[in-house]
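Structure first, then comments.
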Amino acid sequence: MRAQFRVSNKLLPSITTLDANNNTTSSIVAPSSPGKQPLVDILDVPIKTKPKEVSMSAFSFLFSGIVQYYQERLTHGADLEQKLSDLGYSVGFRINEIILYREKNPQRKNRVIPMLQFISNTVWTMLFGKNASSLEQSTDSINRYMIYENQPIECGFISIPKNLSGLQCSYFTAGIIKGILTASEFPADVKVFPSQNKESTVFIVDFDYDVIDREELWK
């Protein structure tokens with residue numbers, strides 16, 4: 001036998017309304033749960049609110065899970081680095097948009113040096129809480145610049161297996177750099193290498209020569 005339950009309408013609040021023929025109708029209103037705040041649409045949240053910091057443990061747990069996910073599905077380190085770069089590339093587009101929205105007086109970067117300073121200072125501070133270690137220009141190539149980072153946080157909690165000893169997890173950050181540059185119309189190729197003393201990571205940015213030709217017009 002199936003149990004049946006009946007709720008008395010007297011225990012629930014009701015609203016009395018008039019229809020088109022002036023007849024009264026009543027409807028039951030479900031009570032709201034005490035102590036619960038109403039849901040807020042994310043689109044209604046002001047975009048200029050101060051960004052909240054994410055704990056290091058939460059980031060390391062999420063990023064290590066991403067690396068492990070790709071590692072189980074790929075056999076070559078170069079393929080895994082490309083996946084991390086593609087993931088960071090999409091993140092870079094979104095970071096560029098939200099930073100421009102939050103700036104009081106956003107200005108378009110037309111020159112290479114100001115654009116790279118924007119990444120190594122503003123973007124780096126937003127992501128990692130500090131500026132990049134240094135920004136340098138290559139003496140061998142006019143289209144090459146280097147961003148140095150002494151302690152990339154994405155590499156601090158990853159145990160790299162022996163068969164992937166040369167894996168550079170910082171390609172995720174390299175993808176972010178490339179995404180921001182592409183969104184700002186500074187197409188470039190970004191690669192990751194350890195520095196000569198192997199105490200820091202170098203993000204090598206090779207701009208397309210069209211960017212360099214445009215740079216010459218601004219001089």
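The values are calculated or read from the model by the stated rules, or taken from the named source; none is laboratory data. What you see is a predicted model, and the numbers here were worked out from it, not measured in a lab. As a convention, Cβ positions derive from the backbone with ideal geometry for all residues, glycine included, and neighbour counts pool all protein chains shown. For accessibility, only protein heavy atoms count, side chains too; no ligands or nucleic acids. Shrake-Rupley method; radii C 1.70, N 1.55, O 1.52, S 1.80 Å.
Couple of notes before you dig in:
- Scanning the stretch 135-147 for residues that are open to solvent by 50 Å² or more (accessible area, probe 1.4 Å) and closer than 16 Å to Val192 by Cα yields Leu135, Glu136, Gln137, Arg144.
- Whether a residue is under 16 Å from Thr173 (Cα atoms) and touching a Leu at 6+ places or on another chain (Cβ under 7 Å) was assessed, and Ser134 does not pass this test.
- For Leu181: the one exception among (1) closer than 23 Å to Asn96 by Cβ; (2) over 19 Å from the mean Cα position of the chain (by Cα); (3) open to solvent by less than 70 Å² (accessible area, probe 1.4 Å): (2)
- Remark: pairs (first residue in the stretch 149-165, touching a residue at least 24 places away in the same chain (Cβ under 8 Å) and on the phi < 0 side of the Ramachandran plot; second residue surrounded by 12 or more Cβ atoms within 10 Å (Cβ to Cβ) and among the aliphatic types (A, V, I, L, M); Cβ separation under 6 Å; 6+ apart in sequence or on different chains) = Glu149/Ala132; Ile158/Val67.
- Residue in the stretch 149-172 that is modelled with the lowest pLDDT, counting only those that are within 20 Å of the chain's Cα centre (by Cα) and under 18 Å from Gln196 (Cβ atoms): Cys155
- Helices (runs of 4 or more DSSP H) enclosed by the stretch 56-123 - at least 2 residues per element that are at pLDDT 85 or above and within 22 Å of Asn143 (Cα to Cα): 77-102, 112-117
- Qualifying residue in the stretch 125-132 (condition: assigned to a loop (DSSP other than H, G, I, E, B) and either over 20 Å from the mean Cα position of the chain (by Cα) or among the β-branched types (Val, Ile, Thr) (or both)): no
- If you go through the stretch 166-219 and keep only what is without any contact (Cβ under 8 Å) to a residue 24 or more places away in the chain and out of contact with any strand residue (DSSP E or B) (no Cβ under 8 Å at 6 or more places or on another chain), you end up with Glu185, Gln196, Asn197, Lys198, Asp210, Asp213, Arg214, Glu216, Leu217, Lys219.
- Selection within the stretch 81-129 - over 19 Å from Glu185 (Cα atoms), of a type in the set (S, T, N, Q) and open to solvent by less than 30 Å² (accessible area, probe 1.4 Å): none
- Ala132 meets the conditions (1) in contact (Cβ under 8 Å) with a residue 24 or more places away in the chain; (2) surrounded by 15 or more Cβ atoms within 10 Å (Cβ to Cβ) in every case but one. The failed one is (1).
- Within the stretch 152-172, the set of residues being assigned to a helix (DSSP H, G or I), open to solvent by 60 Å² or more (accessible area, probe 1.4 Å) and of a type in the set (Val, Ile, Thr) is empty.
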